1. Only one of these conditions is not met by TYR102: (1) more than 7 Å from the ligand (Cβ to nearest atom); (2) closer than 21 Å to TYR126 by Cα. Which number is it?
2. Do any strands (runs of 3 or more DSSP E) entirely within the stretch 43-146 hold 1 or more residues that are under 21 Å from TRP15 (Cα atoms) and aliphatic (A, V, I, L, M), and if so, which?
3. Give me a count of the residues in the stretch 19-42 that are without any contact (Cβ under 8 Å) to a residue 40 or more places away in the chain and surrounded by 12 or more Cβ atoms within 10 Å (Cβ to Cβ).
4. Could you tell me whether PRO89 is farther than 23 Å from MET44 by Cα and modelled with pLDDT of 95 or more?
5. Hey, can you tell me all the residues within the stretch 73-113 that are at positive phi and touching a residue at least 60 places away in the same chain (Cβ under 8 Å)?
6. Any idea which of VAL23, VAL60, VAL39, VAL32 is more than 6 Å from the ligand (Cβ to nearest atom) and under 25 Å from ASP113 (Cα atoms)?
7. Any residue in the stretch 76-94 that is touching a helix residue (DSSP H, G or I) at 6+ places or on another chain (Cβ under 6 Å) and of a type in the set (Gly, Ala, Ser)?
Amino acid sequence: MTSHSDEYAPSTAEWVRNQVDKVTEAGTTEAVDIMGMKVVLLTMRGAKSGKIRKVPLMRVEHNGVYAAVASLGGAPKNPVWYYNLKADPKLTLQDADVTKEYVAREIESAEYDEWWTRAVAAYPPYAEYQTKTSRKIPLFVLDPIK
Ligand code: F42
């Protein structure tokens, strides 16, 4: 069992750290965007460090359910946060100034296709990222708790 420290461990990517800081200062994810498209902020447990990790992602939502797209710009490897959610699927997601609890589950086949269409509609560059790698970009559905 990972030791749980409530210490926040910032991303090692400065531009991401800066966006997380902006959201935290403003109290809303509306404070940031990517080329004008909306961002949400996930807070999860580090799989090895047990620390709090904050991961901004593009906003992909349908009827109160969100998707987390482990695209990493089409890089050959999954982002590290993918392994965090596999280890501990409980997370919080902030959309604008509302933060709620969710459980992440990785999806496949028909459900994957349905959510991939929604993801590309929300952020068209995802389609280009998938052409850049033989890695199938993983998708998690984030189901609200209660
Ligand atoms: N990334 C995406 O993949 N998809 C998106 O749609 C997306 C949108 C987006 C919008 C705004 C923004 O500011 C950033 C956005 N990003 C998006 C980038 C995203 O927020 C992440 O920075 C990116 O996906 C890379 O995630 P990462 O978890 O690989 O982060 C790296 C840079 C990182 O912080 N690495 C840490 C390090 O020290 O190397 C470790 C992080 C970590 O979680 N460590 C675990 C722990 O225990 O703490 C260890 C886990 C293990 O098993 O090793």
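The values are calculated or read from the model by the stated rules, or taken from the named source; none is laboratory data. The structure displayed is predicted, hence computed values, not measured ones. Positions of Cβ are generated from backbone atoms using ideal geometry, with glycine treated the same way; all protein chains shown enter the neighbour counts.
1. (2)
2. By residue number, 52-58, 65-69, 90-95.
3. Adding up the residues that qualify gives 10.
4. Judged against the criteria, PRO89 is not a match.
5. GLY74, ALA96
6. VAL60
7. No, every residue in the stretch 76-94 fails to be touching a helix residue (DSSP H, G or I) at 6+ places or on another chain (Cβ under 6 Å) and of a type in the set (Gly, Ala, Ser).
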